[in-house]
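Report on the following structure.
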Amino acid sequence: MINSLDKKKFNIFVLYIKEGLLKQELNQEEVKIKKIGDVLKIKSFFNILYFFKICSYVKENKINIIHTQDPILYYIGSIAAKITNIKHIRSQPNFISKYERKNAKTLKYLPFEKWTNHFITFNKATKKDLVEVGVKTEKITTIYGYYDLDFGISKEKIKRIKKGLGIDEEKRVICSIGRLAENKGLELYIQMIPIILEKIDNAVFLIIGDGPLKKVLIEMAKKNHVLDKVIFSGNRTDVDDLMKIIDLGVYANEKSAGMGIVPRNGKVLISVNSEIMSEYIVNGKTGFLINEKSPQAFGKEVIRILENEKLMNIMEANTKEFAINRFDGSNNIKIFENVVMKILNESK
């Protein structure tokens, strides 16, 4: 998001805590960046220190708006904005009632919500979640991310990636992405494999991610006699490139949004039907939303697509069009910039 903002319109200052991907990915020639600490905990003396540092930095650099995107920094940012008499925007990536229960309580019973001028969510389900804990609808804008979409990749690179994973060129690749933990639908993914292999014997199953359930999944694959068809890649930094080698993705968790990176790369995604996943899949057009959460139901739809090349080509074309309309960063950053300008104009 920061790299995409119009630097002719905005002077951008980044305060960060701890080293991470943000600093690595920033175009530091176009923004001013400063580290203010190393400790990030909900109950910490350092939060008071961060508050004073932010207030001082705001006054020193004549900043107009504070933007935060972290459960701990939400309330620090809103208080600092209130004290310095400027505006506060909060990007809310998580379901607050499920993953940020303390923040849900502060929104209901403390004035932090009133001191936040606008909320950004990355899907409508999260917007609905914020409304349920007391945020006014007119204070929320949904923006589906700020992604640089790129559907292209060379055949040579595809060969190189497949070779690195030990996948033969002619294999069909079905993938799962995410933390390997319980309640993520991964057990269903493993149970689905024998069903698919009965019809598509040249399929392999790529599991991207790591976590405590890995040993359990390996044992399940052994019991189902499909371990030789499963590739555990571990955590990867080149997931966008990996999406270029897959045929489709499977996501069997209805409790949260996941694997949006699949349609963002123009690939077909099959998911359990849920309110949030319907924002990432147009059922029957860009993929399938499945009501029956069973290996048989998922396996049936995977086979249906892999056996019908015409259907897959149509769905991939539809998915690319859908991704451009919903996820393209060059369009979505303008929505964010308009929110910022509206808030600035309201303060005049």
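Please treat every number below as a calculation from the coordinates, not as lab data. These numbers come from a predicted model, not from an experiment. All Cβ positions, glycine included, derive from the backbone under ideal geometry; neighbour counts span all protein chains shown.
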Pairwise label distance in nanometres, LYS293 with LYS128, each label 7 Å out on the Cα-Cβ vector: 1.6 nm
In terms of modelled amide H atoms, which long-range or inter-chain residues lie less than 5 Å from the amide H of ASN273? ILE290, ASN291
Below 12 angstrom from the Cβ of MET220, what's the summed charge of the other residues (Lys, Arg +1; Asp, Glu -1)? +2
Can you list the DSSP H helices in the chain whose Cα atoms extend at least 27 Å along the helix axis and whose mean Kyte-Doolittle hydropathy is -1.0 or higher? none
If you keep only loop residues by DSSP, which GluC sites (Glu not before Pro) in region 224-313 have at most 12 other Cβ atoms within 10 Å of their Cβ? GLU275, GLU292, GLU307
From the C-alpha coordinates alone, can you work out the Kirkwood hydrodynamic radius of region 155-326, in Å? 15.9 Å
Which value in Å is the Kirkwood Rh of region 130-255 over different Cα pairs? 16.5 Å
Of ASP38, ASP238, how do they rank once you tally other Cβ atoms within 10 Å and put the fewest first? ASP38, ASP238
Describe numerically, in nm with one decimal, the distance between label points set 7 Å from Cα along Cα→Cβ at LEU311 and at ASP150. 3.3 nm
GLY37's amide H: which non-local residues (gap 5+, or another chain) put their own amide H closer than 5 Å, with H modeled 1.01 Å from N in plane and none for Pro or chain starts? LYS18
Fewest-first ranking of HIS225, HIS118, using other Cβ atoms within 10 Å as the exposure measure: HIS225, HIS118
Along each of its three principal axes, how wide is the spread of alpha-carbon positions in the chain, in whole angstrom units, largest first? 66, 39, 35
For each of ARG179, ARG172, ARG90, count neighbouring Cβ atoms within 10 Å of the residue's Cβ, then give the residues from fewest to most. ARG179, ARG172, ARG90
Share, in percent, of DSSP beta bridges within the chain that are antiparallel, nearest 5: 5 percent
